[in-house]
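The values are calculated or read from the model by the stated rules, or taken from the named source; none is laboratory data. Model, not experiment: these values are computed from the prediction. With ideal geometry, Cβ positions are generated from the backbone for all residues, glycine too; neighbour counts draw on all protein chains shown.
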Amino acid sequence: MRSAVRLAAGDGFHLDAVTCVDDHRGWSAAELGSGHRLVLVRRGRFRRKADGRAAVIDPAMAYLGVPGEEERFAHPAGGDVCTSVSLTPRLWRTLAGDGPPARPTLYVDARLDLAHRRFLAAARGGDTAFELAESLLSLIGATLAQVASSSTPASFGSGAMPHPGAGAAEASVHRTTAPAFGPDSTGSPALGPRDTEAATSVTPASWQGGAEATTSATPAPRPGRADVRPAPWPGGGVRRSGAAIADAAREAIAADHPAAGGLMSLAELLAVSPYQLSRAFTRELGVSLTHYRNRVRVGRALDRLEDGEASLAGLAADLGFADQAHLTRTIRDHVGHTPTALRRLLAPRTP
C-alpha cells in the first residue's frame, strides 16, 4: 500500500512524503509516470524497473522520473519512506533544459543527502516563495551536477567523469554496463541482457531462496573454512553483470549482513572473487566499496545528528568507527562539515 502526504507546494513544484508498506519480491503492475520528478529515499529500499531497466533505490541512489515512462516496483525489504519532488514541464525545462535526463538513476553522495535534508527543513519552515524555492534550486542543482559529472552507464551517456571524491585511483574507471538486476515475477534475481554467458552455480538449495540455475554443481569447501563460510546471497553463483554484482553488494551493506563488514567476506557471500567485486562496484557507481560503505555510515550519522544525538563518541562506536576523530574526519571528507556544525545545520528551527 502506498500513500502520499503533501508537505509543501510552490510556483511550479510540489513536495510529497511517500510511504510504502508493501512487502513483495515480485514486480507490481505497470504504471505510467505522471510528470517530471526527483525521488529520494529517506528510509528503506526498493527496486524500480523503468522502461525495462531495473535498479535498486535506497538512500544512496535516487531516481528521476519522466512523463509517460512505464514503471514497476518491488519491495523485497519491506516498506520505505521517500521524498518526491514534482516539477511542472516549464520549470523542468528552465532548470534542466529540453529532453529527458541522461539516465534514470543517480548516486546520492553525502552532500546531496544534506541538500535533501535541508530542503525538507525548509518545507517545514513554511516560506515556500523564497526559502523553499531557494532550497529547491540547491537540491535540483546538486542533482543535475551528479547526473552530469558522476560515472554513468554507457547506455545512458558516454564519456562521463567519475563522481567527485572517488579518488585518483578511480578517476580512470568508467561505467560500461546498464543496470540489469531485479526480481522477476517469482521474486528471483532477474538476469539482464548482458548475462548471456553460461555459468556453473552452487547448489540452488544453498542460495536461501535464489533462482534455480540452468547448470549446478556443488563446489568443494576450502580446507578449514567449512565452519565460517557465509551462506551465499540470493542469486550467488550465477554469472551476473557488473551492475547486478554492485546492486547485490549494496543490498548486503544496507541490510547490515555480517559478511558485509569486509571485502573478502562480502565477495564470498556474493560468490564472486574480491577482484571482480571491487572492479565491478567501482565501475558501476564511480566510487570504491570503501567510499560507498563510509557514505552509508555517514548517512546513518546524519540521521542520528538530525535527531539530536549528543554523544559523538557513542555515535562513532555505534557506527563502527575507530574513534570520534575517525568519525569527524570521515564526515568532513564526505559532507564538508564537522559533526558539530551539522548538528547545528540540521537542528529543528525555533520561531
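Could you list, in sequence order, the residues of the range 80-136 that are of a type in the set (Phe, Trp, Tyr) and either crowded, with 22+ Cβ neighbours inside 10 Å or under 17 Å from the mean Cα position of the chain (by Cα) (or both)?
Of the range 80-136, the ones of a type in the set (Phe, Trp, Tyr) are 92, 107, 119, 130.
Within the range 80-136, 92, 107, 119 qualify.
For the range 287-333, what are the residues that are part of a loop (DSSP other than H, G, I, E, B), free of Cβ contacts under 8 Å to residues at least 40 places away in the same chain and of a type in the set (S, T, N, Q)?
If the condition is that a residue be part of a loop (DSSP other than H, G, I, E, B), free of Cβ contacts under 8 Å to residues at least 40 places away in the same chain and of a type in the set (S, T, N, Q), then 311 is the only one that fits.
Out of curiosity, is residue 120 aliphatic (A, V, I, L, M) and not in a helix (DSSP H, G or I)?
Details: aliphatic (A, V, I, L, M): yes; not in a helix (DSSP H, G or I): no.
No, not satisfied.
Working only within the range 81-103, note down all residues that are closer than 18 Å to residue 69 by Cα and among the hydroxyl-bearing types (Ser, Thr, Tyr).
84, 86, 88 - these are the residues of the range 81-103 that are closer than 18 Å to residue 69 by Cα and among the hydroxyl-bearing types (Ser, Thr, Tyr).
When you go through (1) buried (at least 22 other Cβ atoms within 10 Å of the Cβ); (2) modelled with pLDDT under 90; (3) under 23 Å from residue 292 (Cα atoms) one by one for residue 59, which number turns out not to apply?
Going through the list (1) buried (at least 22 other Cβ atoms within 10 Å of the Cβ); (2) modelled with pLDDT under 90; (3) under 23 Å from residue 292 (Cα atoms), residue 59 breaks only (2).
Considering only residues that are outside any strand (DSSP E or B) and β-branched (Val, Ile, Thr), which ones fall in the range 1-48?
21
Say whether the condition of being crowded, with 17+ Cβ neighbours inside 10 Å, over 19 Å from the mean Cα position of the chain (by Cα) and not acidic (Asp, Glu) is met by at least one residue in the range 70-79.
Scanning the range 70-79 turns up no residue that is crowded, with 17+ Cβ neighbours inside 10 Å, over 19 Å from the mean Cα position of the chain (by Cα) and not acidic (Asp, Glu).
Would you check which residues across the range 307-351 are over 17 Å from residue 109 (Cα atoms) and of a type in the set (D, E, K, R) and list them?
Within the range 307-351, 307, 309, 318, 323, 343, 344, 349 meet the criteria.
Would you pick out the residues in the range 283-293 that are out of contact with any Phe, Trp or Tyr (no Cβ under 8 Å at 6 or more places or on another chain) and buried (at least 23 other Cβ atoms within 10 Å of the Cβ)? Full working, then the answer.
So in the range 283-293, the residues out of contact with any Phe, Trp or Tyr (no Cβ under 8 Å at 6 or more places or on another chain) come out as 283-284, 290-291, 293.
284, the sole residue that qualifies.
Residue under question is residue 346, and the condition is that it be among the aliphatic types (A, V, I, L, M) and under 29 Å from residue 55 (Cβ atoms); does it hold?
On the way: among the aliphatic types (A, V, I, L, M): yes; under 29 Å from residue 55 (Cβ atoms): yes.
Against the criterion (among the aliphatic types (A, V, I, L, M) and under 29 Å from residue 55 (Cβ atoms)), residue 346 qualifies.
Pick from 78, 10: which is touching a residue at least 40 places away in the same chain (Cβ under 8 Å) and touching a Ser or Thr at 6+ places or on another chain (Cβ under 7 Å)?
Details: 78 fails: touching a Ser or Thr at 6+ places or on another chain (Cβ under 7 Å).
Residue meeting the stated conditions: 10.
Between 124, 118, 103, which is in contact with a Lys or Arg (Cβ under 8 Å, 6 or more places away or on another chain) and not acidic (Asp, Glu)?
Numbers: 118 fails: in contact with a Lys or Arg (Cβ under 8 Å, 6 or more places away or on another chain); 103 fails: in contact with a Lys or Arg (Cβ under 8 Å, 6 or more places away or on another chain).
From the options 124, 118, 103, the qualifying one is 124.
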